[in-house]
Amino acid sequence: MNLAALRREPRTTRALESRRRAEASALLSSVAARAAIAVHGTPLLLLDPERVRRQYRHLRTALPFVGLHYAVKALAHDAVLDMLDDAGCGFDVATGEELAMLTRRGVAASRIIHTHPIKKPAEIAEALAAGVRTFVVDNDVEIEKFRGAPSDTRLLVRLAYRSPHAKSDLSSKFGVGPFEAARLVESAHAAGIAVAGFSYHVGSQLDDPTRFATAAADTLELMGILERRLNVQFDTLDIGGGFPASYDSESAAIEDVAAALRPVLEPHARRLDIIAEPGRVMVADAMTLVTSVVGIAERGDGRWYYLDDGLYGSYSNVLTEDVHPLVFAERDLTATPADAANHRWATLGGPTCDSSDVIAREVLLPELEVGDLLVSPTMGAYTTVTATRFNGRPFTPVAVVGRGATTAEVAVASDVRRVPIV
Ligand SMILES: Cc1ncc(COP(=O)(O)O)c(C=O)c1O
């Protein structure tokens, strides 16, 4: 296969922008969204769990032979977990807290994998007691923690693949190269612990289908070599997450990544349990942030609008991941090209007193007044979960809206209020 042929030309941002505008306009004119904003004001995150289900089905269709385990870390919200549980999706957890969110709602342990390569011994004990059996390791100390674990415990050795094009290259913190991986398999077997196979993460927000394919091909090759050399049989390949979302430019579609992966993986689908841990791609599009202008100033570099959410809150994805969600003025959502004449470039500041709390620069916006609403789509992944309470600001509430919703459910920390829509 000519992998280079799968490289895409960048797609136009204008098409993406008009699609996002139309989606945001439809969402904001919905009864549920209006009710939630009227009751709770801003900032407010609008979560549509139906979009999560759609993405799950989309991935299932594109990669039907891959068992999906949603990476809870991307958006650990009850409505998302309920929706995916109901749809039959598996789950990937990194901590005891994430595991507890699942066991509380009765998700069977057989549908849960624990993929953090470094775990507290007590956390491993709790996960084993809950019935989880699949874990990831990448060093001797971690393997040692599994001595005496139930005999059906299955370890996956985490491999590291450099991914300079991913927004978040995870290979420097976790994972090993092929020689160390071989040594770890031998060392686990010597300790009487079964290694079921390998896992890796190609890096998050990776807009390069070929990298997904080469990582899978390299891992399969390594598995074959080790099976022959060590006279063992592996049964699991975990291809991790990494599928990108379209923030301010069109990223590779699920179909693009699947087209690269399918010819590599499909021939092995009968003999191997092939699983994945998608996070971002499942939830990014499902949540929209609504903020409002709280201050306006003319500075040396032009107009500044100060919003009531920022980098230390829901826009933590800008700070921690260098992704750039689009920001629209609500009054602009249905604007015609003629309206653009009175637009000006502006800087968007967050609400804290920290000078690095700048959401975006050079955003083309109409004249705004204090109280005007702004909207950011693609705010589902790594937003609320990485937000802080810096300056004493509360976490931005999440309102569950969308088709079929009969209430706007607003969760503020542990306080969940249901607001009738009509
Ligand atoms: C082990 C592991 N699995 C899955 C994910 C989810 O990745 P993504 O959101 O890029 O799909 C991550 C993200 O950091 C991860 O560390």
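In the set 182, 196, 190, 122, which member is small (Gly, Ala, Ser), over 27 Å from residue 78 (Cα atoms) and either open to solvent by 30 Å² or more (accessible area, probe 1.4 Å) or not assigned by TED's automatic domain parsing to the domain that holds residue 83 (or both)?
From the options 182, 196, 190, 122, the qualifying one is 190.
Conditions tested, residue by residue: (1) among the acidic types (Asp, Glu); (2) modelled with pLDDT of 95 or more.
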{"residue": "352", "(1), (2)": "no, yes"}
{"residue": "372", "(1), (2)": "yes, yes"}
{"residue": "376", "(1), (2)": "no, yes"}
{"residue": "379", "(1), (2)": "no, yes"}
{"residue": "391", "(1), (2)": "no, yes"}
{"residue": "396", "(1), (2)": "no, yes"}
{"residue": "405", "(1), (2)": "no, no"}
{"residue": "420", "(1), (2)": "no, no"}
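Residue by residue through region 43-71, note down the ones that are charged (D, E, K, R) and free of Cβ contacts under 8 Å to residues at least 12 places away in the same chain.
Within region 43-71, 54, 60 qualify.
Just to verify a result, which residue in region 257-312, among those that are within 21 Å of residue 37 (Cα to Cα) and small (Gly, Ala, Ser), is surrounded by the fewest Cβ atoms within 10 Å (Cβ to Cβ)?
By that ranking, first place goes to 295.
Would you mind stating whether residue 51 is away from the ligand (no atom under 14 Å from the Cβ), buried (at least 18 other Cβ atoms within 10 Å of the Cβ) and part of a helix (DSSP H, G or I)?
Here the answer is yes, as residue 51 does meet what is asked.
Do the conditions hold for residue 384, that is, is it at pLDDT 95 or above, away from the ligand (no atom under 16 Å from the Cβ) and open to solvent by 20 Å² or more (accessible area, probe 1.4 Å)?
no
May I ask you to list pairs of residues, at least six apart or on different chains, whose Cβ atoms are under 6 Å apart, with the first in region 95-119 being under 20 Å from residue 154 (Cα atoms) and the second being of a type in the set (Ser, Thr, Tyr) and surrounded by 20 or more Cβ atoms within 10 Å (Cβ to Cβ)?
If the second residue must be of a type in the set (Ser, Thr, Tyr) and surrounded by 20 or more Cβ atoms within 10 Å (Cβ to Cβ), the pairs left are 113/134.
Among the residues of region 57-91, what is the count of those that are assigned to a helix (DSSP H, G or I), open to solvent by 20 Å² or more (accessible area, probe 1.4 Å) and not small (Gly, Ala, Ser)?
Residues meeting the conditions: 10.
Hey, among the residues in region 200-223 that are closer than 19 Å to residue 176 by Cβ and within 11 Å of the ligand (Cβ to nearest atom), which one's modelled with the lowest pLDDT?
The selected residue is 203.
How many residues, within region 211-241, are of a type outside the set (D, E, K, R) and open to solvent by 10 Å² or more (accessible area, probe 1.4 Å)?
10
Where residues in region 59-112 are within 13 Å of the ligand (Cβ to nearest atom) and among the aromatic types (Phe, Trp, Tyr), which of them is farthest from the chain's Cα centre (by Cα)?
The selected residue is 91.
Going through region 125-155 one residue at a time, which ones are without any contact (Cβ under 8 Å) to a residue 24 or more places away in the chain and either within 16 Å of the ligand (Cβ to nearest atom) or crowded, with 19+ Cβ neighbours inside 10 Å (or both)?
135
Could you list, in sequence order, the residues of region 329-360 that are more than 19 Å from residue 288 (Cβ to Cβ) and either touching a residue at least 40 places away in the same chain (Cβ under 8 Å) or open to solvent by less than 30 Å² (accessible area, probe 1.4 Å) (or both)?
Within region 329-360, 344, 345, 346, 347, 349, 352, 354, 356, 357, 358 qualify.
Kindly evaluate residue 254 against the criterion of being within 15 Å of the ligand (Cβ to nearest atom), open to solvent by 10 Å² or more (accessible area, probe 1.4 Å) and modelled with pLDDT of 95 or more.
Yes: the conditions hold for residue 254.
In region 342-351, is there at least one residue being of a type in the set (Ser, Thr, Tyr) and out of contact with any helix residue (DSSP H, G or I) (no Cβ under 9 Å at 6 or more places or on another chain)?
Yes, there is a match, as at least one residue in region 342-351 is of a type in the set (Ser, Thr, Tyr) and out of contact with any helix residue (DSSP H, G or I) (no Cβ under 9 Å at 6 or more places or on another chain).
Name the pairs whose Cβ atoms lie under 8 Å apart, with the first residue in region 72-89 and hydroxyl-bearing (Ser, Thr, Tyr), the second open to solvent by 30 Å² or more (accessible area, probe 1.4 Å), and 6 or more positions between them or separate chains?
From residues that are hydroxyl-bearing (Ser, Thr, Tyr), there are no pairs.
Answer yes if at least one residue in region 167-178 is touching a residue at least 60 places away in the same chain (Cβ under 8 Å) and in a loop (DSSP other than H, G, I, E, B), and no otherwise.
yes
Looking at (1) crowded, with 18+ Cβ neighbours inside 10 Å; (2) at pLDDT below 95, which is the only condition residue 29 fails?
Condition not satisfied by residue 29: (1).
Out of all the residues in region 308-317, is one or more in the same structural domain as residue 387 (by TED's automatic domain parsing), within 13 Å of the ligand (Cβ to nearest atom) and over 22 Å from residue 372 (Cα atoms)?
Scanning region 308-317 turns up at least one residue that is in the same structural domain as residue 387 (by TED's automatic domain parsing), within 13 Å of the ligand (Cβ to nearest atom) and over 22 Å from residue 372 (Cα atoms).
Select from region 270-300 the residues that are more than 16 Å from the ligand (Cβ to nearest atom) and either free of Cβ contacts under 8 Å to residues at least 60 places away in the same chain or of a type in the set (Val, Ile, Thr) (or both) and list them in ascending order.
Matches in region 270-300: 270, 271, 288, 290, 291, 293, 294, 296, 297, 298, 299, 300.
The values are calculated or read from the model by the stated rules, or taken from the named source; none is laboratory data. In this text, all values refer to a predicted model and were calculated from it rather than measured experimentally. Glycine also receives a Cβ, built like all others from the backbone with ideal geometry; neighbour counts cover every protein chain displayed. When the accessible area is computed, the model is the full protein with side chains, heavy atoms only, and any ligands, DNA or RNA have been set aside. Shrake-Rupley method; radii C 1.70, N 1.55, O 1.52, S 1.80 Å.
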